[in-house]
Amino acid sequence: MNTQQLVYAGETPAEPFSFTPDLIFIFGNRELLEKSQIPDELHEKYQNAVFSGCSTAGEIAGESVSDNTIVVTGIVFENTPLASAKVALTDVDFDSMEAGKKLVSLLPPDGLKHIFVVSDGTRVNGTDLVKGMIAGLAPTVTLTGGLAGDGPNFTKTVILEPNGNVATESVAAIGFYGESISVGFGSRGGWDSFGLDRTVTRSHENVLYEIDGEPALDLYKSFLGEKAKNLPASALLFPLSMRDSEDRAPVVRTILGISEENKSLTFAGDIPEGSFVRLMKANNDRLITGAEEAAFVALEGTESMPEFALLVSCVGRKLVLKQIVEEEVECVSDVLGKPAIAGFYSYGELAPFNKNAFCELHNQTMTITTFREE
């Protein structure tokens, strides 16, 4: 495996790689991606390459984090076949589970080892997308990915389709095949929950209406105090910890939108009725330690350090860490032996919590996927 990374600021022409890439990742500011000719120019130069990527809430290149850039990473493999697929949400009536099922059905199953998926970040229920994909996959196939971002705006997101086209309201996946590729993954948060467990008494899919019989928005505003006037952006600083059963590890859910009319909160993933929720808050040291833990989990069961790592971290972490946000990327790089790194700050992270668990939607985590050819 060989990698090369180029970072662009503003509307500049694409530079050629020093090799012919098999796979090109492009992560960037949404408005820049919509105006840029870089994806088209790269597709014209490398018509056999598969593209993947999306708009972001911050771009990761090496150990650096930036805004308002386009980060392009080319990869050439020695012996790892690739396949790709895309699904327009309009083709499945915006049914996220159907989108997941259809996406997987378009990838040849023989020899499939891992899938990396990028998704629209505002029109997709990440929980259902993952459920749909898992339903069509063999248990031996692992799955990671993320939901596209749009800074702190939550207005509109775009993804890169396999042919390099910049598309809205779409999901796309890359399949990695064969025994030569070794893939690791890890996902950890570092947020602290506080207060009592509260019960979700009325919800529908990813929309929460009532907690303990009270309007969800009113109760949440009472938690936030003065910060409530900055909703929904301020919700990134106070996510919810959710357990849908007593014996299951909690996952974190971030609020994507609010409705003053029906006093509801809309999340990136499901909030089932009967589940238990607690408010969470951040501690900078705990967040950075969480990223480090995710890196150690990604190394479990691997014999050698990775050659390339994809980092998908949450926009909420970036807003909390502010000027020290690069510290979480640096500690991941140190643990992984300083491989080539690309990634983005997202509206949702997709990965199993542990090696033998199913993939699920996370929020507010650092999620890492590592690659090495043996």
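Conditions (1) of a type in the set (D, E, K, R); (2) part of a helix (DSSP H, G or I); (3) touching a strand residue (DSSP E or B) at 6+ places or on another chain (Cβ under 9 Å); (4) closer than 25 Å to LEU143 by Cβ, marked per residue:
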site	(1), (2), (3), (4)
ARG198	yes, no, yes, no
SER203	no, no, yes, no
ALA228	no, yes, no, no
ALA235	no, yes, yes, no
ARG248	yes, no, no, yes
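Being open to solvent by 10 Å² or more (accessible area, probe 1.4 Å) and in a strand (DSSP E or B) is true for just one of LEU256, LEU265. Which residue is that?
None of the others qualify; the one that does is LEU256.
Restricting to the stretch 43-63, and then to whatever is farther than 12 Å from TYR345 by Cα and hydroxyl-bearing (Ser, Thr, Tyr), can you tell me which residue is least open to solvent (accessible area, probe 1.4 Å)?
SER52
Taking the condition open to solvent by less than 40 Å² (accessible area, probe 1.4 Å) and in contact with an Asp or Glu (Cβ under 8 Å, 6 or more places away or on another chain), does GLY126 pass? Spell out how you get there, then give the answer.
Values: open to solvent by less than 40 Å² (accessible area, probe 1.4 Å): yes; in contact with an Asp or Glu (Cβ under 8 Å, 6 or more places away or on another chain): no.
Criteria not met by GLY126.
In this structure, does THR365 turn out to be crowded, with 21+ Cβ neighbours inside 10 Å, closer than 19 Å to ARG243 by Cα and among the polar types (S, T, N, Q)?
Yes.
Going by what's in this entry, would ILE324 be described as hydrophobic (A, V, I, L, M, F, W, C), over 21 Å from GLY126 (Cα atoms) and touching a Cys at 6+ places or on another chain (Cβ under 8 Å)? Spell out the reasoning first.
Numbers: hydrophobic (A, V, I, L, M, F, W, C): yes; over 21 Å from GLY126 (Cα atoms): yes; touching a Cys at 6+ places or on another chain (Cβ under 8 Å): no.
For ILE324, the condition - hydrophobic (A, V, I, L, M, F, W, C), over 21 Å from GLY126 (Cα atoms) and touching a Cys at 6+ places or on another chain (Cβ under 8 Å) - is not met.
Condition test on ALA282, is it under 27 Å from GLU205 (Cα atoms) and surrounded by fewer than 24 Cβ atoms within 10 Å (Cβ to Cβ)?
Criteria met by ALA282.
Test THR157 against the criterion of being within 14 Å of the chain's Cα centre (by Cα), closer than 28 Å to ALA235 by Cβ and not in a strand (DSSP E or B), and give yes or no. I'd like the intermediate steps shown before the answer.
Working: within 14 Å of the chain's Cα centre (by Cα): yes; closer than 28 Å to ALA235 by Cβ: yes; not in a strand (DSSP E or B): yes.
So THR157 passes the test.
Here are PRO13, PRO39: which of them is part of a loop (DSSP other than H, G, I, E, B) and farther than 27 Å from SER304 by Cα?
Only one candidate qualifies: PRO13.
Would you say ASP247 is under 15 Å from TRP191 (Cα atoms), surrounded by fewer than 16 Cβ atoms within 10 Å (Cβ to Cβ) and without any contact (Cβ under 8 Å) to a residue 40 or more places away in the chain? Spell out how you get there, then give the answer.
Working: under 15 Å from TRP191 (Cα atoms): no; surrounded by fewer than 16 Cβ atoms within 10 Å (Cβ to Cβ): yes; without any contact (Cβ under 8 Å) to a residue 40 or more places away in the chain: yes.
Taking the combined requirement at face value, the residue does not satisfy it.
Please specify each residue of the stretch 317-362 satisfying the condition of being in a helix (DSSP H, G or I), more than 14 Å from THR56 (Cβ to Cβ) and open to solvent by less than 10 Å² (accessible area, probe 1.4 Å).
Filtering the stretch 317-362 down to residues in a helix (DSSP H, G or I) leaves 317-324, 326-335.
Remaining after also requiring more than 14 Å from THR56 (Cβ to Cβ): 320-324, 326-328, 330-335.
Passing the criteria: LEU321, GLU328, VAL332, SER333.
Cβ-Cβ distance below 9 Å, separation of 6 or more or different chains: which pairs start in the stretch 126-137 with a residue that is outside any helix (DSSP H, G or I) and end on one that is of a type in the set (Gly, Ala, Ser)?
GLY136/GLY100; GLY136/SER105
From ILE134, ILE115, which residue is under 28 Å from TYR8 (Cβ atoms), open to solvent by less than 50 Å² (accessible area, probe 1.4 Å) and not acidic (Asp, Glu)?
Answer to the check: ILE115.
Cβ-Cβ distance below 9 Å, separation of 6 or more or different chains: which pairs start in the stretch 204-228 with a residue that is touching a residue at least 40 places away in the same chain (Cβ under 8 Å) and end on one that is among the basic types (Lys, Arg) and open to solvent by less than 30 Å² (accessible area, probe 1.4 Å)?
Close Cβ pairs satisfying both conditions: ASN206/ARG253; LEU208/ARG253.
The values are calculated or read from the model by the stated rules, or taken from the named source; none is laboratory data. Computed from a predicted structure; not experimentally measured. Positions of Cβ are backbone-derived with ideal geometry, glycine not excepted, and every protein chain shown enters the neighbour counts. Quick note on the areas: whole protein, heavy atoms, side chains included, nothing else; ligands and nucleic acids left out. Shrake-Rupley method; radii C 1.70, N 1.55, O 1.52, S 1.80 Å.
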